[in-house]
Amino acid sequence: AEKCGACGPGFASPLDAMKGNVLKGPREEIVYVPCIYRNTGRKKPDFLATVDVNPQSPHYCEVIHRLPMPNVGDELHHSGWNTCSSCFGDATKKRNRLILPSFISSRIYVVDVGTDPRAPRLFKVVNPEDVFWKCSLGYPHTSHCLGSGEIMISTLGDPAGSGKGGFILLDGETFEIKGNWEKGDKIPAMGYDFWYQPRHNVLISTEWGIPKCLGYGFDPTDLKKGRYGRHLNVWDWTTRTYIQAIDVGEDAAPLEIRFLHNPDAAEGYVGCTISSAIHRFYKTKHGDWAAEKVIQVPSKKVEGWLLPDMPGFITDILISLDDRFLYFSNWLHGDIRQYDISNTREPKLVGQVFVGGSITKGGPVTVCRDEELQSQPDPFVIQGKRVPGGPQMIQLSLDGQRLYVTTSLYSAWDRQFYPNLIEDGSVMLQLDVDTERGGLTVNQSFLVDFGREPDGPCLAHEIRYPGGDCTSDIWV
């Protein structure tokens, strides 16, 4: 780690990233957050916000820069890096470009964050026509950098909006589309997130649903029609071929997938949204892969909601860099949970906090039966603002002590489940983490209110640190 200045981007190992060093300390000072105007009724382009998160700064908790996209209606969603710790050994590489796929328009924006990290600028636009014609794919989602220097982006569908779980490969220097990563005739019917682990010759991807159905909001009848995903899809990393499907249930909709950070580990976790379960996936003694449910969030019997049973709706998960804690958000129930995963097969709940959600007191939903709570939680208020929506995207500081949270999932679903989120805008919060015994508490001095944006309230989504984070860096 002492010699990292002569090496490439990121850190030599997950523990090096967690501990930091004299050249690359663990304390984040700014973060990048995509902000969405699609489906809000405001005909404004989405933008990339730079947020000051340094408590010593006079602009603490403020948006200090906005980079608007040149088009309206993109639906920025997730982001990734041109290069990361997978290229640590290559001194010619720099983490200086942020890749921003547009979930709806299928454009891919490349943002220069190296020239001035506090004021990013647009570097290149990959047009949707190139994505369509060169890859026969659309609806791009997760972007990961590869050890080869290339960039790989998963997709949910084809250009027409039908399901198709393929991958776009970008050149890491020119950002031109090189074609599809996958080879062979077998391709999963749906896609979403992915994580790769070269030491075990594997990539595993997940499935959300068919894009043209998702765009109209959540229809429970679509579950029985096979329009939502139920598989973890296993790929041979070397041959790039689809080799196995792991069924995690009809009502699963597996979203975010995370291997343990230790590159020797042959296991990890996936969050299943609609079934509100966490499954541990692992390599078997036979060399194939399997999954087992290790956490189940019970549904609540309710009145005044879409269905009589309200799931937790697990929408984001992450693992601390030392592989000790698992975190996830229940977007509908309104809580964020911390589990000790020292025993990976038996996660232990050690932290929980409610920061909004659909079951708060005084709202339209009445909880009739609850296996976990004695009463409905109080509405979440911070600095005088009642927070609309529920906890959604999460990002952990490298040292594991601060968990950042935003409240928007996807504009069409925000509009359906949390209409006030469209009117008031989303927020960004920070939770303080007890890294010794476990435990979560809200930092009452931290609030970024995206309802106060100059162009009107907007929907803030995923969070990225300039130096890499728990959900973007992969060690090979």
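The values are calculated or read from the model by the stated rules, or taken from the named source; none is laboratory data. As the structure is a prediction and not an experimental result, all values here were calculated from the model. Glycine also receives a Cβ, built like all others from the backbone with ideal geometry; neighbour counts cover every protein chain displayed. When the accessible area is computed, the model is the full protein with side chains, heavy atoms only, and any ligands, DNA or RNA have been set aside. Shrake-Rupley method; radii C 1.70, N 1.55, O 1.52, S 1.80 Å.
Look at the dipole of the stretch 35-460 built from charges on Cβ: of G179, C87, I99, the Cα furthest out on the positive end belongs to G179. Ranked by the mean number of other Cβ atoms within 10 Å of their residues, highest first, the peptides 296-302, 308-314 come out as 308-314, 296-302.
Below 12 angstrom from the Cβ of L214, what's the summed charge of the other residues (Lys, Arg +1; Asp, Glu -1)? Mind dumping the intermediate values first?
Values: positive: K212, R227; negative: E75, E207, D219, D222.
With Lys, Arg at +1 and Asp, Glu at -1, the neighbours total -2.
Rank S205, L307, T241 by how far each Cα sits towards the positive end of the charge dipole of the stretch 173-317 (+1 on Lys, Arg Cβ; -1 on Asp, Glu Cβ) and give me just the farthest. Working it through, the farthest residue towards the positive pole turns out to be T241.
Rounded, prolate or oblate, given the Cα gyration tensor of the stretch 173-292, with a/c below 1.5 counting as rounded? In terms of gyration-tensor shape, oblate. For the stretch 248-398, the convex hull spanned by the alpha carbon atoms encloses 118 Å³ per residue. Can you classify the stretch 39-166 as rounded, prolate or oblate using the Cα gyration tensor, where a ≥ b ≥ c are the square roots of its eigenvalues, rounded means a/c under 1.5, and otherwise it's prolate if a/b beats b/c and oblate if not? Taking the square roots of the gyration eigenvalues as a ≥ b ≥ c, the stretch 39-166 is oblate.
Kirkwood radius and radius of gyration were both taken over the C-alpha atoms of the stretch 35-460, and their ratio Rg/Rh is 0.93.
Take the solvent-accessible surface of the protein heavy atoms, probe 1.4 Å, and return the percent of it on the chain that carbon and sulfur atoms account for.
Details: 8150 of 17270 Å².
The value for the chain is 47 percent carbon and sulfur by accessible area.
Only Lys, Arg, Asp and Glu carry charge here, each on its Cβ (+1 for the first two, -1 for the last two); on that basis the chain has a dipole of about 380 debye about its Cα centre.
Calculated [222 nm] ellipticity per residue, helices only, for the chain: -1500 deg cm²/dmol; basis is -39500 (n - 2.57) per DSSP H run with n ≥ 4, divided by all residues, nearest 500. Relative contact order of the chain, taken over Cα pairs closer than 8 Å and 6 or more residues apart, is 13 percent.
Could you do me a favour and compute the accessible area per residue for the stretch 35-460, 1.4 Å probe, result in Å²? Please report the intermediate quantities before stating the final value.
Numbers: 15360 Å² over 426 residues.
Result: 36 Å² per residue.
Can you tell me the convex hull volume per residue for the stretch 378-443, based on C-alpha atoms, in Å³ to the nearest whole number? Could the numbers behind the result be given before it?
Working: hull volume 6.1 nm³, N = 66.
Considering the Cα atoms of the stretch 378-443, their hull volume per residue is 92 Å³.
Quick check: net charge around R369, other residues with Cβ under 14 Å of its Cβ, Lys/Arg +1 and Asp/Glu -1?
Working: positive: K300, K301; negative: E303, D309, D370, E371, E372.
Local net charge: -3.
On a C-alpha basis, how far is the centre of the stretch 261-314 from the centre of the stretch 364-429 in Å? Whole number, if you could? One Cα centre to the other: 20 Å.
Among T315, T366, T92, the sequence by solvent-accessible area, most first, with a 1.4 Å probe is T92, T366, T315.
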